[in-house]
1. How high is the FRET efficiency between Ala82 and Arg60 when r is their beta carbon distance and R₀ equals 41 Å, given to the nearest 0.05?
2. Between the range 88-106 and the range 6-38, what is the separation of their alpha carbon centroids in Å?
3. If you roll a 1.4 Å probe over the range 3-48 with all protein chains in place, what percent of the accessible area is carbon or sulfur?
4. So if I place +1 on the C-beta of Lys and Arg and -1 on the C-beta of Asp and Glu, and nothing else carries charge, what would the dipole magnitude of the range 1-122 be about its Cα centre? I want it in debye, nearest 20.
5. Evaluate E = 1/(1 + (r/R0)^6) for Val92 and Arg72, where r is the Cβ-Cβ distance and R0 equals 22 Å; express this FRET efficiency to the nearest 0.05.
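The values are calculated or read from the model by the stated rules, or taken from the named source; none is laboratory data. It should be emphasised that the depicted structure is a prediction, and the values quoted were computed from it without experimental measurement. Virtual Cβ from ideal backbone geometry, glycine too; neighbours counted across all protein chains shown. The protein model used for the area step is the full one, side chains on, heavy atoms only, and it has no ligands, DNA or RNA in it. Shrake-Rupley method; radii C 1.70, N 1.55, O 1.52, S 1.80 Å.
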Amino acid sequence: MFDTIGQIFQGLIDLLKPILLPDWRALIDLLPIFLVIGVVGPLLSLLAFGWFVYVVRKPRGGRIPYTDPQPRPAEIVAGAPAYPPGEPYCAVDHLVYPFGATGCEVCQRDLAVVCPKCGTGRQAWIDTCGTCGLVLRIDRTVPALRPAGPPPGGAAAA
């Protein structure tokens with residue numbers, strides 16, 4: 001009976017011997033495979049995931065071509081043309097030009113501008129209003145910015 005138990009115990013030890021006392025040489029030989037699976041594999045997975053996210057989220061339209069703004073006809077209000085304040089216009093041809101223009105392309109005259117602060121008209125090449133002193137210098141490359149509220153300091157212009 002003790003021989004049977006000894007044989008069973010010896011069989012169990014022989015079964016567990018590769019687990020309890022591994023062959024270190026064979027494990028060292030498997031180290032490159034473990035590195036590929038444990039390091040390079042996750043890095044490649046993250047790279048593929050990042051590429052996928054980029055492809056899904058990138059803008060679709062491509063570049064928007066720049067078109068030089070053209071003069072547009074002025075709005076007619078009560079039978080007379082209404083010119084927007086701060087934009088150059090030609091009173092002869094009733095055209096509103098883009099910001100930064102100073103001469104009419106049709107009649108070759110100087111353009112006029114209505115001051116957005118006081119409503120006084122002046123020539124477009126003059127960048128300071130003679131009535132209120134507002135400096136309105138707008139180039140073609142600079143976008144027009146409109147204030148969101150009253151000027152800083154709490155005092156509103158009357």
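1. 0.55
2. With the range 88-106 and the range 6-38 each reduced to a Cα centre, they are spaced 89 Å.
3. Result for the range 3-48: 78 percent of the exposed heavy-atom area is carbon or sulfur.
4. Using Cβ point charges on Lys, Arg, Asp and Glu, the range 1-122 gives about 340 debye.
5. Calculated transfer efficiency: 0.90.
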